[in-house]
Amino acid sequence: MKISNPLSILLIEDDTIERMKFNRTVSSHPLGKQVKVQEAVNGEEALKMLKEENFIPNIIILDLNMPRINGLEFLKILKNDDILRFIPSIVLTTSSNHRDMLESYKIGIAGYVIKPLKYEDYEDRVSKLISYWSVNELVENQFITSPTI
Amino acid sequence: MKKPEIPQNEGARIAELESYSILDSLSEDDYDAITALASEICETPISLISLVDQNRQWFKSHHGLASSETPKDYSFCAHAINEPDDVFIIEDSRLDARFSDNPLVTEEPYVIFYAGVPLVTNNGFPLGTLCVIDNKPNLLSNGQIKSLRILANQVIKLMELRKNEKLLESTLNDVRQQNEELNDYAHIISHDLKSPIRNIEALVSWLQEDYKELLDDKGKDTVGLIKANLEKMDSLIEGILKYATIDKKHSLKQKVNLSILLPEILQIMNIPEHCTINVQDKLPEIAGDKFKLHQVFQNLIDNAIKYNDKPKCMINIGFKPLDNGFEFYVEDNGPGIESQFHEKIFQMFQRLDHTVESTGIGLSLVKKIISHSGGKIRVESTVGKGSTFYFTIP
């Protein structure tokens, strides 16, 4: 399998082991070498990377329950930003709370994936997520920042 | 003119008045009927339900008078409430030094005759009066005075009712809010408990994968047991969360065709080879919450399979119509349940065996759903032969 551009992911996750799980899944994925994962431990740090360091990933994967700025608050800020609103954001959480899910879709997420108990199942879900986004046309950094569009 | 004296405990009296949240409320037929009746019985053109506020008297009902309040200083009622036990009667206010130059006497509405029964609350506070007023000198018979007292009592009863309704309303609101908080709380707790379990699961999986050459069979068994226990912990948390978040309020009642729902449930369940499930033809369409009905059937079928001890597991599902609603049953040929446990199995965390899959939540969840929808559940069983769970849905 071949993709034209590497897939750049911003993973926002406060839990160390969850970040390890994600990275391990990516590295065992057939496209793993073409996936670049940047990590932020909370929404605040992510916003700093996105806004101050002008880091524009292809997709954002985030947990909902995080300290300081939680996932929903982060998504609201993102969707109110003229540039950042174009980045597809996928929620990856243990919360099966229906209200959280509805609220996330209302704000405008691109997916809601529940972390299953078994690592095996987790690996399956996250691999599919990576495969899916790898075949998608994604908004390029220069495209969304360019004033000519 | 003599201004009315300020009653003792005026602060407490005003607080009591405010506790009824009646001041400046809209007029109500029940109160208006009483003033109309008082006016009729006492043969006076005017009757008022007057509540004495800090600087005014305000009329909850004003029969035969246009204004809805007057200043307290001119108020007859403010005098009347200083003698809470007596009926306050002025036969001709023009001859009474306290009132002869009162603008309510010398001008419209010409309050010449006045009779007021204090409205005394159960706590002993006079809040105002039920009074009758005439534009000419008058007298009340004993019968009329007695009737006026009876009507004043009715006013107090109406006010008490109003207060209780408000209290009930605010209590209900509190309960609703607490329920919502509890619901959120259950989600947060379950999230916080689930996260470390997921972490342990991943770490153990990596141990299993990355060190499979180093682990001997005993070590692999131990890892397997850790994982099985994690699964149990997870289903416990999930079960508690489901149980805690089942509530009446957010039930979505819709038409559910069980002839469609049952096959759907069976399709997503893992039915082992040795199990035969017979579902009665033409199950009814009922009004209920599809998601909850799903949980009820799935839990009962799941139990019937999980605890079955026969080489060929047989499960029958059917129903019979009742006068109001339906009775459904899930029958199995499992080990059966001794009669002393027939109540206990529906209690939270009660289990009859200690297999890893059993959490002791399933049946209590089923019972909670069914009793919330107004139904009942029971079990009939012969030990060694099987059990049948019956439940009704109105």
Open item on the list: Please count how many residues of the stretch A:78-107 are away from every other protein chain (no Cβ under 14 Å), assigned to a helix (DSSP H, G or I) and surrounded by fewer than 17 Cβ atoms within 10 Å (Cβ to Cβ).
Closed with: 5
Task: Filtered residue count, the stretch B:93-123, keeping only those that are without any contact (Cβ under 8 Å) to a residue 40 or more places away in the chain, surrounded by fewer than 18 Cβ atoms within 10 Å (Cβ to Cβ), over 30 Å from B:Lys157 (Cα atoms) and not β-branched (Val, Ile, Thr) - done: 7
Task: Residue satisfying all of: in the stretch B:154-207; among the charged types (D, E, K, R) and at the interface with another protein chain (Cβ under 9 Å from one of its Cβ atoms); nearest to B:Ala33 (Cα to Cα) among these - done: B:Asp184
TODO: Can you run down the residue pairs with Cβ atoms below 8 Å, 6 or more apart or on separate chains, where the first is in the stretch A:119-133 and more than 23 Å from B:Val204 (Cβ to Cβ) and away from chain B (no Cβ under 14 Å) and the partner is at pLDDT 95 or above and in a helix (DSSP H, G or I)?
DONE: A:Ile130/A:Thr25; A:Ile130/A:Val26
Open item on the list: Of everything in the stretch A:9-26, what is polar (S, T, N, Q) and at pLDDT below 95? Give them in sequence order.
Closed with: A:Thr16
Task: Output for the stretch B:318-358, where each listed residue is in contact with a Lys or Arg (Cβ under 7 Å, 6 or more places away or on another chain) and within 15 Å of B:Gln298 (Cβ to Cβ) - done: B:Glu357
- [ ] State yes or no: is B:Gln295 closer than 29 Å to B:Leu225 by Cα, out of contact with any His (no Cβ under 9 Å at 6 or more places or on another chain) and part of a helix (DSSP H, G or I)?
- [x] yes
- [ ] Sort out for me the strands (runs of 3 or more DSSP E) sitting completely within the stretch B:1-98 that have 2 or more residues that are in contact with a strand residue (DSSP E or B) (Cβ under 8 Å, 6 or more places away or on another chain) and not aliphatic (A, V, I, L, M).
- [x] B:46-52, B:56-63, B:69-71
Open item on the list: Quick check on this structure: which one of A:Gly43, A:Gly32 is surrounded by fewer than 17 Cβ atoms within 10 Å (Cβ to Cβ) and in contact with a helix residue (DSSP H, G or I) (Cβ under 7 Å, 6 or more places away or on another chain)?
Closed with: A:Gly32
Task: Subset of the stretch B:208-236 [more than 12 Å from chain A (Cβ to nearest Cβ) and in a helix (DSSP H, G or I)] - done: B:Asp217, B:Lys218, B:Gly219, B:Lys220, B:Asp221, B:Thr222, B:Val223, B:Gly224, B:Leu225, B:Ile226
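The values are calculated or read from the model by the stated rules, or taken from the named source; none is laboratory data. Note that the structure is a prediction, hence the values are computed from the model and not measured. Methodologically, a virtual Cβ is constructed for each residue, glycine included, from the backbone with ideal geometry; neighbour enumeration extends over all protein chains shown.
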